[in-house]
Amino acid sequence: MSIESDRIGNLKGWKLDPFDELQRVWKAINDGALLGVPHIVGRASVRNGMVSGLEMDVILHGSEKELSFRDGDEVYFIIPARPEEGIEGLYVKLDRILRESQ
Amino acid sequence: MKRKSTTVSINTSKERVEAALNDAPSFITNWPYVVRVSVKEGLKAEIMMPRFMFKFRDIYKFNHHADYNSHIYDGTGERGHMSLVVTLKEWQKNINAVLELSYQGKGEFWLGKTLQNFVESIGSVLKELAENRPVQEQIQSQRSATGEIAVNMDFSNPMTVAEFLAKSRMVHSGLHIIGEKGLFDLIGELRATINDRPLYISGITNDGTSSFKVLLDGSQILAIEYRGAEGMKTVKVENDDEARKAVDIASEIKGTYMINVWVPVGGV
């Protein structure tokens, strides 16, 4: 398996600690992985290229689905999360999706 | 004196062609008919030019001169004299290199065809060196840049981690049981299969209550963060005292962790 990040889009940075936020939902991701495919579903506020808010929950799906759309400053997303990718892997995916939305 | 010339179109920037030309020893080593190159007392190349059943072998001492658009490799041998002039012209996005090889010495009246082959092969060698070699240099410079990012990484500032991850890739993932002071064994195991110097190792327990991040350069800990039941400890190593603290923190880590290892892109 390999995950590689690339810098596209216009995202300058984060006003909050994304790793901290992801760590908060980690237990749910791990527990969920025993039953299905965990996904993080949530909303990020992006203003002037800075991520200033992040809310998310973990839900289970039967298969991997990725979806995101933008509504003004808000980006709504569903991202499959795999425990073996770790917090950093999930961060890279989230970062990519937010970049693509800008 | 016999002169033979050729023109090659090189699909790269002038700087890259210049870089290939300025490194005379490796340029000459890649010429055809060159048997041996030595740089001990000046640049010397033993060249063996074949024609019919004969081989014209001589050792030439090369001097390299360059000006704004041309490079001259002037070789003086025991029985002959050989010189190559490379003139560069920028043409649209390409570089046109005109190569002229002249030879004066033993067998020069027979060697016309050999010299033509010689100069054409040098042209294609130059094209190959200029188009491919700088890619390696690019990777190296990228590598040192990511190395710098790695050195600047400070776990108390998540943005430095984000910066690092933006130019990294994951090379290992797995569940590991870390015993008493077992993190060092794990690092040793990982080192055995991963050759990159900067390594970013991140571990998290299933329930997310305990996690750690370690940044290594070789076997040296540059920074460490550990979140456990007693709260969070972060050290960025800049002196001996902090290095001891980092090792203390590392020895506290035990349990079952999902481990991910990241390296800067351009590695492995």
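The values are calculated or read from the model by the stated rules, or taken from the named source; none is laboratory data. All values reported here derive from a predicted model rather than from experimental measurement. Positions of Cβ are backbone-derived with ideal geometry, glycine not excepted, and every protein chain shown enters the neighbour counts. Keep in mind that these areas ignore ligands, DNA and RNA; they rest on the heavy atoms of the full protein, side chains included. Shrake-Rupley method; radii C 1.70, N 1.55, O 1.52, S 1.80 Å.
Table for the structure above
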{"item": "Any pair with Cβ under 6 angstrom, 6 or more apart, that starts in the range B:228-257 at a residue that is at pLDDT 90 or above and ends at one that is of a type in the set (A, V, I, L, M, F, W, C) and open to solvent by 40 Å² or more (accessible area, probe 1.4 Å)", "result": "B:THR256/B:ILE177"}
{"item": "Qualifying positions in the range B:1-17 - at pLDDT below 85 and among the charged types (D, E, K, R)", "result": "B:LYS14, B:GLU15, B:ARG16"}
{"item": "Boolean, A:TRP26 is within 14 Å of another protein chain (Cβ to nearest Cβ), modelled with pLDDT of 90 or more and either surrounded by 15 or more Cβ atoms within 10 Å (Cβ to Cβ) or closer than 25 Å to B:VAL263 by Cα (or both)", "result": "yes"}
{"item": "Filtered residue count, the range A:45-99, keeping only those that are within 14 Å of chain B (Cβ to nearest Cβ), of a type outside the set (A, V, I, L, M, F, W, C) and surrounded by 14 or more Cβ atoms within 10 Å (Cβ to Cβ)", "result": "12"}
{"item": "Qualifying residue in the range B:156-172 (condition: touching a strand residue (DSSP E or B) at 6+ places or on another chain (Cβ under 6 Å), within 12 Å of chain A (Cβ to nearest Cβ), surrounded by fewer than 15 Cβ atoms within 10 Å (Cβ to Cβ) and among the hydroxyl-bearing types (Ser, Thr, Tyr))", "result": "yes"}
{"item": "Residues of the range B:93-107 satisfying the condition of being open to solvent by 20 Å² or more (accessible area, probe 1.4 Å) and more than 34 Å from the chain's Cα centre (by Cα)", "result": "B:GLN104, B:GLY105, B:LYS106, B:GLY107"}
{"item": "Search result, residues across the range B:214-267 that are within 14 Å of chain A (Cβ to nearest Cβ), open to solvent by 20 Å² or more (accessible area, probe 1.4 Å) and within 31 Å of the chain's Cα centre (by Cα)", "result": "B:VAL265, B:GLY266"}
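Every residue, every condition in (1) of a type in the set (Phe, Trp, Tyr); (2) in contact with a strand residue (DSSP E or B) (Cβ under 6 Å, 6 or more places away or on another chain); (3) open to solvent by less than 80 Å² (accessible area, probe 1.4 Å), yes or no:
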residue	(1), (2), (3)
B:LEU21	no, yes, yes
B:PHE27	yes, no, yes
B:PRO32	no, no, yes
B:ARG36	no, yes, no
B:VAL39	no, no, no
B:ILE47	no, yes, yes
B:ILE59	no, yes, yes
B:ASP74	no, yes, yes
